[in-house]
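Asker: My structure is below; once you've seen it, I'll send some questions.
The values are calculated or read from the model by the stated rules, or taken from the named source; none is laboratory data. Bear in mind that the values here come from a model prediction, so they are computed numbers and not experimental data. Reconstructed Cβ throughout: ideal geometry from the backbone, glycine too, with neighbour counts over all protein chains shown. With ligands, DNA and RNA removed, areas are computed over all heavy atoms of the protein, side chains included. Shrake-Rupley method; radii C 1.70, N 1.55, O 1.52, S 1.80 Å.
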Amino acid sequence: MDTRVNTDLPYYEASGNEIELFEHAWKNRLPLLIKGPTGVGKTRFVAHMAARLKLPLHTVACHDDLTAADLVGRHLIGDGETVWCDGPLTRAVREGGICYLDEVVEARKDTTVVLHPLADDRRVLPIDRTGELLEAPPGFMLVISYNPGYQNFLKGLKPSTRQRFVSMRFDFPSAEREQNVLIGETACDPMLATRLVNIGRSLRALKDVDLEEVVSTRLLVYAATLIRDGLDPVESCRAAIVESLTDDIETADALMEVVNATFGR
């Protein structure tokens, strides 16, 4: 788990009223669910809001092997005795601040059940193995995120979990906003930002290629960073965008046609 208090405000380009909604949820001690594609700014938004509200941010990157015990804690044996060790969720509840579970549906099913008493009006975390019932302090907020595009029968967020949260949807930004993000993140030339955004929008519109995910704003930022540092634009796009999207050579060649057309090759 990554825990930090960031005094600097991370760059974030708002698309609507998400900042206001987050602040109202925080003020009223409501949990928040953020859903949207990979790389559209969900994690950056949470970091921005934690810094904006001057709150500690406890981030847990969820994965296939993450269990409820990993979040809550477990007994460990050390120096000949058994000692209880808090998990990241328990530490966040004890210390306060924002606890952010990134891509929560990637974790095992039993993890979401642990969140239920924290995400409703009880705001408590039962720890069965120690007999504790931790009450979340006023300064605690639970935030989770996931990508609905990855959902299927085996990996989905149950209605009983979703309906405990205030929810907001993130999507790919408008062309103008995406250009502002690239310029704000990398200080690249506005013309370069426009070209990269055009590449992104063209690749997202392709219908005859098989991609699990389309190009994210994050990948466009990576490409802009490489180009600004002096790497050839086409090679930057190949490394930061195309090769990150597919392993199939024919598909990569089709994507590179868009890149080459944009940079005049």
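Asker: Got at least one residue in the range 214-227 being over 20 Å from the mean Cα position of the chain (by Cα) and modelled with pLDDT under 95?
Answerer: no
Asker: Working only within the range 44-91, note down all residues that are in a helix (DSSP H, G or I) and farther than 25 Å from PHE170 by Cα.
Answerer: Hits for the range 44-91 are ALA68, ALA69, ASP70, LEU71, VAL72, PRO88, THR90, ARG91.
Asker: Is there any pair linking a residue in the range 191-219 that is under 23 Å from ARG44 (Cα atoms) and of a type in the set (Val, Ile, Thr) to one that is open to solvent by less than 50 Å² (accessible area, probe 1.4 Å) and in a loop (DSSP other than H, G, I, E, B), with Cβ under 6 Å and at least six apart or on different chains, and which?
Answerer: THR217/GLY39; THR217/VAL40
Asker: Which pairs turn up if I take residues in the range 122-136 that are in contact (Cβ under 8 Å) with a residue 12 or more places away in the chain and look for partners that are open to solvent by 70 Å² or more (accessible area, probe 1.4 Å) with beta carbon separation below 6 Å, at least 6 apart in sequence or on another chain?
Answerer: Matching pairs, first to second residue: VAL124/LEU133; VAL124/GLU135.
Asker: In the range 114-150, what residues are β-branched (Val, Ile, Thr) and closer than 22 Å to ARG169 by Cα?
Answerer: Of all residues in the range 114-150, those β-branched (Val, Ile, Thr) come to 114, 124, 127, 130, 143-144.
VAL143, ILE144 - these are the residues of the range 114-150 that are β-branched (Val, Ile, Thr) and closer than 22 Å to ARG169 by Cα.
Asker: Specify which of the listed residues (LYS42, LYS54) is among the basic types (Lys, Arg), buried (at least 21 other Cβ atoms within 10 Å of the Cβ) and not assigned by the TED database to the domain that holds ASN180. Give the steps one after another, and end with the answer.
Answerer: Details: LYS54 fails: buried (at least 21 other Cβ atoms within 10 Å of the Cβ).
The conditions single out LYS42.
Asker: Let me ask something else. Looking at PHE172, PHE140, PHE165, which one is open to solvent by less than 20 Å² (accessible area, probe 1.4 Å), modelled with pLDDT of 90 or more and within 21 Å of the chain's Cα centre (by Cα)? Please lay out each step first, then the result.
Answerer: Working: PHE172 fails: open to solvent by less than 20 Å² (accessible area, probe 1.4 Å); PHE165 fails: open to solvent by less than 20 Å² (accessible area, probe 1.4 Å).
Being open to solvent by less than 20 Å² (accessible area, probe 1.4 Å), modelled with pLDDT of 90 or more and within 21 Å of the chain's Cα centre (by Cα) holds for just one of PHE172, PHE140, PHE165, which is PHE140.
Asker: Please enumerate the residues belonging to the range 101-122 that are touching a Pro at 6+ places or on another chain (Cβ under 8 Å) and open to solvent by 10 Å² or more (accessible area, probe 1.4 Å).
Answerer: Selection gives PRO117 alone.
Asker: Then there's this: Looking for something polar (S, T, N, Q), in the same structural domain as ILE127 (by the TED database) and open to solvent by 20 Å² or more (accessible area, probe 1.4 Å) - is there at least one such residue anywhere in the range 77-100?
Answerer: Checked the range 77-100: at least one residue is polar (S, T, N, Q), in the same structural domain as ILE127 (by the TED database) and open to solvent by 20 Å² or more (accessible area, probe 1.4 Å).
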